[in-house]
Amino acid sequence: MRAVRILMVFVDGVGLGDPDPAVNPLVRAETPTFRRLLGGPLAGQAAVHTADAVLVPLDARLGVPGLPQSATGQVTLLTGENASRLVGRHVTAYPTLRLRALLEERGLFTELRRRDIRATLANAYTPEYFTAVAGRRLRHAAITLNALQAGMRLRAVDDVRAGQAVSQDLTNARLREWGHAVPLISPEAAGRHLARIAAAHAFTLFEYFLTDLAGHGRIADRVGVVERLDRFVGAVLGAAGLNETLVLVTSDHGNLEDERTDGHTLNPVPALLAGAGRERMGERLRDLTDVAPACLDLLP
């Protein structure tokens, strides 16, 4: 099979939870894209194969006691190594020194650069973000860190204005609240922008972490966050050229899918695949360690 482009939409903190609208906003929300692809909501822990998509539940526990966390989950996704087992625990938020070293050596962006494969991170970063990192009020999470380790240019607010970057909230509303002169756009427009970025690269990643913020109760409207994501993914699929592109929607740990807790969950996370090579990749996936190797096998 010929190589394809891969567009990974990473959604932080989304597990496959109970198909109960009383506790799961992914079921209660209006999600025509997910329902069209899967024949139902993005919920339940069984694999799904339809004419348009494959859904594989990925184990995020990785054989390590405790609740899965962001740092080890994301490092595992990017490296194919069981980061939680390596350090003996699930690590929250930011990679430790040992995990940073693993990312630098084995991270997906690092490996793509080593193979001279054209890759990009589509998120937009603000001057305020870099000031906060320089002042040690923030640290780089795993995906941003590995992009920098690979020598990648991070996209900025000017790229948002040009339609060549996607804001963390999709619509640019937060950028405008922070005083940046950018247009307010729809989730659909953001999806089309992402598809256009992906058309110029063999591998593209976009990180949507409002899902995790909503799961932790820092954004009150959980259903709104889900519906915005569904509209965005629908536009991505409509514009991405699925004969040549594989769209992968995946996560690092459960959280948003269970309103009975503001913390993480033990649920598996989705690998939702649409487009070229979806069955081939789906056959490879069982847990978070399988994602990076499967991506590399599909790329030129």
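Side notes on the structure shown:
- Single condition Arg153 does not satisfy, out of (1) crowded, with 16+ Cβ neighbours inside 10 Å; (2) assigned to a loop (DSSP other than H, G, I, E, B): (1)
- Test: Ala141 is surrounded by fewer than 21 Cβ atoms within 10 Å (Cβ to Cβ), aliphatic (A, V, I, L, M), farther than 19 Å from Arg5 by Cβ and within 15 Å of the chain's Cα centre (by Cα): yes
- Per-region count, segment 72-89, residues under 23 Å from His216 (Cα atoms), touching a residue at least 24 places away in the same chain (Cβ under 8 Å) and surrounded by 24 or more Cβ atoms within 10 Å (Cβ to Cβ): 6
- Qualifying residue in segment 95-115 (condition: at pLDDT 95 or above, under 17 Å from Thr250 (Cβ atoms), of a type in the set (A, V, I, L, M) and part of a loop (DSSP other than H, G, I, E, B)): no
- Complete set of residues in segment 13-38 that are surrounded by fewer than 24 Cβ atoms within 10 Å (Cβ to Cβ), assigned to a loop (DSSP other than H, G, I, E, B) and touching an Asp or Glu at 6+ places or on another chain (Cβ under 9 Å): Asp18, Ala22, Val23, Ala29, Glu30
- When residues of segment 57-71 are limited to those that are touching a residue at least 24 places away in the same chain (Cβ under 8 Å) and among the small types (Gly, Ala, Ser), the one nearest to Gly17 (Cα to Cα): Ala60
- Of all residues making up segment 179-199, the number that are more than 15 Å from Thr245 (Cα to Cα) and of a type in the set (Gly, Ala, Ser): 5
- Among the residues of segment 7-27, those identified as of a type outside the set (Asp, Glu) and touching a strand residue (DSSP E or B) at 6+ places or on another chain (Cβ under 8 Å) are Leu7, Met8, Val9, Phe10, Val11, Gly13, Val14, Gly15, Leu16, Gly17.
- Scan of segment 160-186 for residues that are crowded, with 20+ Cβ neighbours inside 10 Å and part of a helix (DSSP H, G or I), ordered by number: Val160, Leu175
- Meeting the requirement of 3 or more residues that are touching a Lys or Arg at 6+ places or on another chain (Cβ under 9 Å), the helices (runs of 4 or more DSSP H) wholly within segment 200-300 are 210-215, 222-239, 291-298.
The values are calculated or read from the model by the stated rules, or taken from the named source; none is laboratory data. Source: prediction; values computed, not measured. Positions of Cβ are generated from backbone atoms using ideal geometry, with glycine treated the same way; all protein chains shown enter the neighbour counts.
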